[in-house]
Amino acid sequence: MNFPGMKSIYLFEMARFYRTISQSLFSPVLSTVLYFIVFGSAIGSRIQEVDGVSYGAFIVPGLIMLSVLTQSISNASFGIYFPKFLGSIYELHTAPISYLEIVIGYVGAAATKSIIIGLVILATASLFVPLHIQHFPAMIAFLVLTSISFSLFGFIIGLWSKNFEQLQLVPLLVITPLVFLGGSFYSISMLPPFWQTVTLFNPVVYLISGFRWSFYGTSDVSLGLSLAMIFLFLITCLGVIWWTFKTGFKIKD
Amino acid sequence: MSSIISVQDLSKEYDNGFKALKNINLEIEQGEVIALLGPNGAGKTTLISIICGLVSPTSGQVLVGGNNVIKDYRKARSMIGLVPQEIALEPFQSVMNGMKFTRGLFGKRPDAELMKDILMRLSLWDKRDAKTMELSGGMKRRVLIAKALCHEPAVLFLDEPTAGVDVELRKDMWAVIEQLKAEGVTIILTTHYIEEAEAIADRVGIIRKGDLLLVEQKETLMQRMGQRQMVIELSEPIIAIPKNLKPFNLEYSSEDLTLTYSYEASGERTGIASLFTELSNAKIILRDVQTHQSSLEDIFVDLIGDKS
């Protein structure tokens, strides 16, 4: 294994995170604060409790997931797309580094950033609502798994994108709606039966449900199903990346 | 000398049917400087892109230091440094951090002394902490060279290294190449500047439409294919070329008052002695005589012209 190579990519990507700290960290934190003000205070004052949890506390896992998912995708996709755009990706192709090591470097950095952002949002949320995490190790495991899975997904988007528009397309048109409709701000049991069934086709439901279970011990779907869906997504992303590199699709002439 | 790069039956055909390379065979010896000449789109960049790992070949194989560039890519690529044609640098990264990044990709830990040495040699030491976006075009090109050298490659590829740079920088780069050659680095450069190949290459390969037309020692090529011209300046104008001089196919310029005689430099008998005898017989008074060797450019134009 080329450990210095992986480390170089990882540190390079993390350097971008520190360089653009206001954009990387403060922006998602500010968004979360705004969500708390709008949803937690304005709407939450009328909803009171969901599944025995105050509304303000109920939306915390969903808000963290919202940022983790979008940040994982945008960081990983930008990380690999920008060298493509600049042309400096030639360095990766001509270096004695395997595709797996490249993925570990970029996805590892993107996931690290997401985990940091997730934890900062959690800390921010604790300033607004009293939080008690019932299954802390499970919460960390969900956070890490989700960050890695969606960073892999972002990496695929970055590899396949031909321009900045395509880079933004999936996060904007697919991920954000899925997160909003995935039970971030409500329990799916609050929906009519038909929409509950439709919602079950949204993979984000399982992420948020599992993550919320780690906080409050209650979930919309079973814990096993949530874990199975995350692993399925993770394996699918790994498979797509493996195929992309093996065939040289969108990478090599 | 032993081959450090062996290109065997290498072909590249793109999905649209365009054949960029047609059955190329090339042996490159350790420590030599070889220039690949050819017009735009000839296949020069495709060839070095395959050797460096940027493009996959359709058929054939390439060995670098005996290592297959696909099967043993780690060993093969460890030996190679590439300076690309386009300036492709992370704009917000400092020169030094960029070098550390590249060295890391090659599996090597930072070496402050080596980095300093490379940057000093390329007159970039003062700019080591500058972001690459703050540098001039010429400096950016030097940064690309610095990055290519920072993992101590045995083979350096320079793809059009002096395209669009000023004369001074071009000469600086040639000096750097000379120095690297003296250190034993094998250098392969693509260029369409004939004078560049003429100035720094040991051997010259000419590529056209995916075919490697020839690979020759530069001197051999110029000797074998080059023509010499002798320009004879006359003291007085002549009305016509005298009959006894007709066999020499002289060209007369009434404006410059010169007679031009072309002959094969490598020929056993150049005919110069006979020409002077006949000039004397024709009572033509000479003012000056100059000889001129065909340049690589003349040869290149002739060759490309012949093949087309």
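Beta carbons within 10 angstrom, averaged per residue: use that to sort the peptides B:121-128, A:46-53, highest first.
The most tightly packed comes first, giving B:121-128, A:46-53.
Taking the Cβ of residue A:105 as the center, what net charge do the other residues with Cβ under 14 Å away carry, scoring Lys and Arg +1 and Asp and Glu -1?
That sum, taken over residues with Cβ under 14 Å, equals 0.
Using the alpha-carbon atoms, what tilt in degrees (0 to 90, nearest 10) does helix A:55-86 show relative to the longest principal axis of chain A?
The angle comes out at about 10 degrees.
Where both residues lie in the protein assembly as shown, what percent of DSSP beta bridges are antiparallel, nearest 5?
Here the share of antiparallel DSSP bridges comes out near 70 percent.
What's the FRET efficiency of residue B:125 with residue A:22 using the Cβ-Cβ distance as r and R₀ = 35 Å, to the nearest 0.05?
FRET efficiency, residue B:125 to residue A:22: 0.60.
Which ³J(HN,Hα) values in Hz, rounded to whole numbers, follow from the phi angles of the stretch A:91-97 under the Karplus curve 6.51 cos²θ - 1.76 cosθ + 1.60, where θ = phi - 60° and Gly and Pro get x?
Running phi through 6.51 cos²θ - 1.76 cosθ + 1.60 with θ = phi - 60° gives 5, 6, 5, 9, 8, x, 10 Hz.
Dipole size in debye (nearest 20) for the protein assembly as shown around its Cα centre, Lys and Arg Cβ +1, Asp and Glu Cβ -1?
Computed charge dipole of the protein assembly as shown: roughly 1800 debye.
Evaluate the distance, in nm, between pseudo-label points positioned 7 Å from the Cα of residue B:23 and of residue B:268 along their respective Cα→Cβ axes.
Computed distance between label sites residue B:23 and residue B:268 equals 3.6 nm.
Taking R0 as 45 Å, what's the FRET efficiency between residue B:255 and residue A:163 from their Cβ-Cβ distance, rounded to 0.05? Walk me through the numbers on the way to the answer.
Details: r = 59 Å, r/R0 = 1.30.
Once the sixth-power term is evaluated, E becomes 0.15.
How do the peptides A:231-239, B:64-72, B:36-44 rank, highest first, by the average count of neighbouring beta carbon atoms within 10 Å per residue?
B:36-44, B:64-72, A:231-239
Using per-residue counts of other Cβ atoms within 10 Å, averaged over each peptide, order A:148-161, B:21-34 from highest down.
Going from most to least packed, we get A:148-161, B:21-34.
Identify, among B:82, A:119, A:134, the residue whose Cα sits farthest towards the positive end of the charge dipole of the protein assembly as shown, taking +1 on the Cβ of Lys and Arg and -1 on the Cβ of Asp and Glu, with the dipole about the Cα centre.
Comparing the listed Cα positions along the dipole, A:134 ranks first.
7 Å from Cα along Cα→Cβ at both residue A:98 and residue B:133: what's the point-to-point distance in nm?
If labels sit at residue A:98 and residue B:133, their model points lie 3.6 nm apart.
Take peptide B:147-154, look around each residue's Cβ out to 10 angstrom, count Cβ atoms belonging to other protein chains, and average those counts.
Neighbouring Cβ atoms belonging to other protein chains average 1 per residue here.
Cα centroids of the stretch A:192-218 and the stretch B:153-200: how far apart, whole angstrom?
62 Å
Would you mind working out the magnitude of the charge dipole of chain B relative to its Cα centre, with +1 at each Lys and Arg C-beta and -1 at each Asp and Glu C-beta, to the nearest 20 Debye? Before the final figure, lay out each step's value.
Numbers: 36 positive and 43 negative charges, 229 e Å.
In debye, rounded to 20, chain B gives about 1100.
Putting +1 on Lys and Arg Cβ atoms and -1 on Asp and Glu Cβ atoms, find which of B:242, B:253, B:274 reaches farthest to the positive end of the dipole of the stretch B:205-275.
B:274
Would you work out which of B:189, B:157, B:57 lies farthest towards the positive end of the dipole of the stretch B:3-223? Charges go on Cβ: Lys and Arg +1, Asp and Glu -1.
The Cα lying farthest towards the positive end belongs to B:57.
In chain B, what percentage of the DSSP-assigned beta bridges are antiparallel, given to the nearest 5?
70 percent
Search the structure for amide H atoms under 5 Å from the amide H of residue B:32, placed 1.01 Å from N in the peptide plane, and list their residues when 5 or more places away or on another chain.
B:187
Check each residue of the stretch B:56-88 and keep those whose accessible area, probe 1.4 Å, is at least 20 Å² smaller with all protein chains in place than in the chain alone; give them in order of residue number.
Going by heavy-atom accessible area, the residues of the stretch B:56-88 that drop by at least 20 Å² are B:56, B:73, B:74, B:77, B:82, B:84, B:88.
If one takes the longest principal axis of the Cα atoms in chain A, at what angle in degrees, from 0 to 90 and to the nearest 10, does the Cα axis of helix A:203-216 lie?
Helix A:203-216 sits roughly 60 degrees off the main axis of chain A.
Please give the average number of partner chain Cβ atoms lying within 10 Å of the Cβ of each residue in A:91-103, rounded to a whole number. Write out the running numbers ahead of the final one.
Values: counts 12, 3, 7, 16, 14, 14, 7, 2, 0, 0, 2, 1, 0.
Counting Cβ atoms of other protein chains within 10 Å of each residue's Cβ and averaging gives 6.
Which entries of B:12/B:171; B:108/B:181; A:162/B:171; A:162/B:100; B:100/B:209; B:19/B:171 show an alpha-carbon separation above 32 angstrom in the structure shown?
Working: B:12/B:171 34 Å; B:108/B:181 23 Å; A:162/B:171 38 Å; A:162/B:100 29 Å; B:100/B:209 38 Å; B:19/B:171 35 Å.
Pairs exceeding the cut-off: B:12/B:171; A:162/B:171; B:100/B:209; B:19/B:171.
Just to be sure I understand: if you take the accessible area of chain A alone plus chain B alone and subtract the pair, with a 1.4 Å probe, what total do you get in Å², rounded to 100?
Counting both chains, the buried surface is close to 2500 Å².
How much length is gained on full extension from residue A:242 to residue A:134, taking 0.36 nm per residue of separation minus their Cα-Cα distance?
Extra length available between residue A:242 and residue A:134 comes to 35.2 nm.
Apply the Karplus parameterisation 6.51 cos²θ - 1.76 cosθ + 1.60, with θ equal to phi minus 60°, to every residue of the stretch A:129-138 and state each ³J(HN,Hα) to the nearest whole Hz, in sequence, with x for glycine and proline.
Karplus-based 3J(HN,Hα) across the stretch A:129-138 equals 9, x, 10, 10, 8, 6, 10, 4, x, 5 Hz.
Using r as the Cβ-Cβ distance of residue B:68 and residue B:283, and R0 as 56 Å, what FRET efficiency do you calculate, to the nearest 0.05?
That gives a FRET efficiency of 0.20.
Could you give the dipole magnitude of the stretch B:96-144 about its Cα centre, charging the beta-carbon of Lys and Arg +1 and that of Asp and Glu -1, in debye to the nearest 20?
160 debye
If you average the sequence gap of Cα pairs under 8 Å that are 6 or more apart and divide by the length of the stretch B:3-223, what percent do you get for the contact order? Display every interim value, and only then the final one.
Details: 413 pairs, mean separation 65.0, N = 221.
After rounding, I find 29 percent.
With the crude spin-label approximation of a point 7 Å out along Cα→Cβ, what separation in nm comes out for residue B:239 versus residue A:43?
So the label points at residue B:239 and residue A:43 sit 10.9 nm apart.
What average count of beta carbons from other chains do you get within 10 Å of the Cβ of residues in A:1-7?
5
The values are calculated or read from the model by the stated rules, or taken from the named source; none is laboratory data. All figures in this text were calculated on a predicted structure; none of them were measured in a lab. Please note: Cβ atoms are built from the backbone with ideal geometry, for glycine as well, and neighbour counts cover all protein chains shown. These area figures cover heavy atoms from the full protein model, side chains too; ligands, DNA and RNA do not enter into them. Shrake-Rupley method; radii C 1.70, N 1.55, O 1.52, S 1.80 Å.
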